[in-house]
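Accompanying notes for the structure given below.
The values are calculated or read from the model by the stated rules, or taken from the named source; none is laboratory data. Quick caveat, the model's predicted, so the values are computed rather than measured. Cβ coordinates were reconstructed from backbone atoms using ideal geometry, including for glycine residues, and neighbour counts include every protein chain displayed.
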Amino acid sequence: MASTLAILLLGISSLADAHGFLKNVQVNGKTYPAWQVGQDDFVKPPPLRYVRKLKDNGAVPDFTSKDITCGVGGNTPAEGIIELKAGDKVQMIWDQWGSSHSGPVMTYLAHCANDDCKSFKGDNGKIWVKIDQLAYNPSASPAWASDLLRVQGAKWSVTIPPKLAPGEYLLRHEILGLHVADKRMGAQFYPSCTQIRVTQGGTAQLPEGVAFPGAYSPDDGQGILTPLWKVQQGLIKYVAPGGEVWAEAAPNANRAGP
């Protein structure tokens, strides 16, 4: 019985290790805690957090639903907002990331209506603009962006566009795991939304972007319905979903693309 229980617990542990969530955000040497999955639900009163609540550390089950906007958790605005300047680097720190969950890493911005993120959900309209992306580079080591995130200690740096106009924004950061993307709706998206206030910047306004939900098609054979092995054997030229990176975005802070 003890042996069986040990095996069961090991299996549960291994399953948990296969997922991940955004744990902290660092800007200019200061750490801003994200929603602590498995802990914050039990803390009263709720602690100050700067990233919107997540239900668990798993992927969004239906990436055509509104859960894809900011993750499964109700898309409830956080109490905190991170103040920074255009051009600042933001380090996204995950609790962990599994080596088998290879895929691209992408980050988007949406301007909160009326510069008020606490009354903004971002789940309607083409308001999300990609500012950061790495996907698959067979000449790099590791080739997949999410594997680079893993070897960097589950960390990813994002530069706020240097010419971005001041205001309140949602910073939507995600990993796409393609390890079971050989079946329709098998791709695993792990998004999160951090609330930021740009206090100093330029005059650049975000252009029309993509909608969440809406941007990700389960039939996208180049970016979503895309088995890892076909990409790695050169049978598919991988194209990350969600459109192009904005022309005003800074160079990728992790490595050169793609």
Looking only at segment 70-94, and only at residues there that are surrounded by fewer than 18 Cβ atoms within 10 Å (Cβ to Cβ) and among the charged types (D, E, K, R), the one that is nearest to R197 (Cα to Cα): E83
Which listed residue is at pLDDT below 95 and among the polar types (S, T, N, Q), from T69, T4: T4
I'm told A78 meets every condition in (1) at pLDDT below 95; (2) closer than 16 Å to L170 by Cα; (3) of a type in the set (A, V, I, L, M, F, W, C) except one. Can you identify the failing condition by its number? (1)
Of those in segment 222-258 that are hydrophobic (A, V, I, L, M, F, W, C) and more than 25 Å from D182 (Cβ to Cβ), the residue modelled with the lowest pLDDT is A256
Selection from segment 122-137 of residues buried (at least 18 other Cβ atoms within 10 Å of the Cβ) and closer than 12 Å to A240 by Cβ yields K130, D132, Q133, L134, A135, Y136
Name, by its number, the condition in (1) closer than 27 Å to L84 by Cβ; (2) free of Cβ contacts under 8 Å to residues at least 12 places away in the same chain that does not hold for G202. (2)
Inspect all residues belonging to segment 105-123 and state whether any of them is of a type in the set (F, W, Y), over 20 Å from V231 (Cα atoms) and either out of contact with any strand residue (DSSP E or B) (no Cβ under 7 Å at 6 or more places or on another chain) or in contact (Cβ under 8 Å) with a residue 40 or more places away in the chain (or both). yes
Just one of the numbered conditions (1) of a type outside the set (S, T, N, Q); (2) closer than 26 Å to W35 by Cβ; (3) touching a Gly at 6+ places or on another chain (Cβ under 7 Å) is not true of A165; which one? (2)
Examine segment 143-160 for a residue that is of a type in the set (G, A, S), crowded, with 21+ Cβ neighbours inside 10 Å, in contact (Cβ under 8 Å) with a residue 40 or more places away in the chain and on the phi > 0 side of the Ramachandran plot, and state whether such a residue exists. no
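Kindly indicate whether Y238 is more than 23 Å from N114 (Cβ to Cβ) and assigned to a strand (DSSP E or B).
Details: more than 23 Å from N114 (Cβ to Cβ): yes; assigned to a strand (DSSP E or B): no.
Answer is no for this residue.
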